[in-house]
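Below is one structure; the comments refer to it alone.
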Amino acid sequence: MTLKPWVKNWLQRLRKLVITLVVLHLVYLVVLRWVDPPITITQLNNWMSGYGLKRDYIDFDKMSPNIRLAVMASEDQLFPDHNGFDLKSIKKALERNKKSKRIRGASTISQQVAKNVFLWQGRSWFRKGLEVYFTFMIELLWPKERILEMYLNVAEMGKGIFGIEAAARTYFKKPASKLTRAEAARIAACLPNPKKYKAEPASPYVARRTSWILNQMNNLEGDEDVAKLLEVPSDKKTKKKKK
């Protein structure tokens, strides 16, 4: 069957468009290994919904080791070891969700970065499929330090508050580099629902969860792989010495 000229022309244009989009998105993925995103869909939606936008991206070495440890203890204790997915937690979540009306996820920090940076909030299978793809890609192209740095810069930590620097200054009137263990744990305690919970003043739920996170931080601190993510990467140390 011979295609009509206009159909053939349309298909060629579509093919070029698809190739262009694939190349552009791969370039964007690589660029984001070093450059912070100008804005995310979630940030834009919050701003358009009237929540405002408090955000101040900072480098990995400007983030207190306490907050790095707190979010791993709270959100993803296997973060240093997995390839983006915690299969055991996903299986447990699926089994739990069959028995409960309250849907709970088992997203790793890497999955949350994929969702927060490249996608929109939601629970559709299409969005979840894209999340799996972007999680695989950032694990392939970015080091763990960059994934954790990106998470702490783009995660929603309050109404209109994105990133640890904005959260630290809003709740505790200090830069993220000065956060104590308790303050870091309190911010991490709000992450499951940052629009509902506040780090300061802390609700009874946040106070209970903070205690749990502090215990988990103590348990994780001796882990060799976790300890590496609490240090300043060697390239950052070199830059500091040059200054």
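Within region 1-36, the set of residues being of a type in the set (Ser, Thr, Tyr) and assigned to a helix (DSSP H, G or I) comprises Thr20, Tyr28. Scan region 1-35 for residues that are over 30 Å from Lys144 (Cα atoms), polar (S, T, N, Q) and surrounded by 10 or more Cβ atoms within 10 Å (Cβ to Cβ) and the total you get is 2. All of Ser64, Ser49 fail the test of being hydroxyl-bearing (Ser, Thr, Tyr) and modelled with pLDDT under 90, apart from Ser49.
For region 76-112, the set of residues classified as in contact with a Lys or Arg (Cβ under 7 Å, 6 or more places away or on another chain), modelled with pLDDT under 70 and not aliphatic (A, V, I, L, M) consists of Arg96, Asn97, Arg104, listed by residue number. Scanning region 183-209 for residues that are of a type in the set (A, V, I, L, M), surrounded by 15 or more Cβ atoms within 10 Å (Cβ to Cβ) and in a helix (DSSP H, G or I) returns Ala184, Ala185, Ile187, Ala188, Ala189, Val206.
Total residues in region 116-138 satisfying the condition of being among the hydroxyl-bearing types (Ser, Thr, Tyr) and modelled with pLDDT of 85 or more: the figure is 2.
Identify the residue in region 210-227 that is more than 20 Å from the chain's Cα centre (by Cα) and in a helix (DSSP H, G or I) and, among all such residues, is farthest from Asp81 (Cα to Cα). Only one residue fits best here, namely Ser211.
Is there a residue in region 63-77 that is assigned to a loop (DSSP other than H, G, I, E, B), touching a helix residue (DSSP H, G or I) at 6+ places or on another chain (Cβ under 7 Å) and loosely packed, with under 15 Cβ neighbours inside 10 Å? Within region 63-77, not a single residue is assigned to a loop (DSSP other than H, G, I, E, B), touching a helix residue (DSSP H, G or I) at 6+ places or on another chain (Cβ under 7 Å) and loosely packed, with under 15 Cβ neighbours inside 10 Å.
Once region 112-145 is narrowed to residues that are over 22 Å from Met157 (Cα atoms) and hydroxyl-bearing (Ser, Thr, Tyr), the residue that is surrounded by the fewest Cβ atoms within 10 Å (Cβ to Cβ) is Ser124.
The values are calculated or read from the model by the stated rules, or taken from the named source; none is laboratory data. Everything numeric here is computed off the predicted structure, so don't read it as measured data. As a convention, Cβ positions derive from the backbone with ideal geometry for all residues, glycine included, and neighbour counts pool all protein chains shown.
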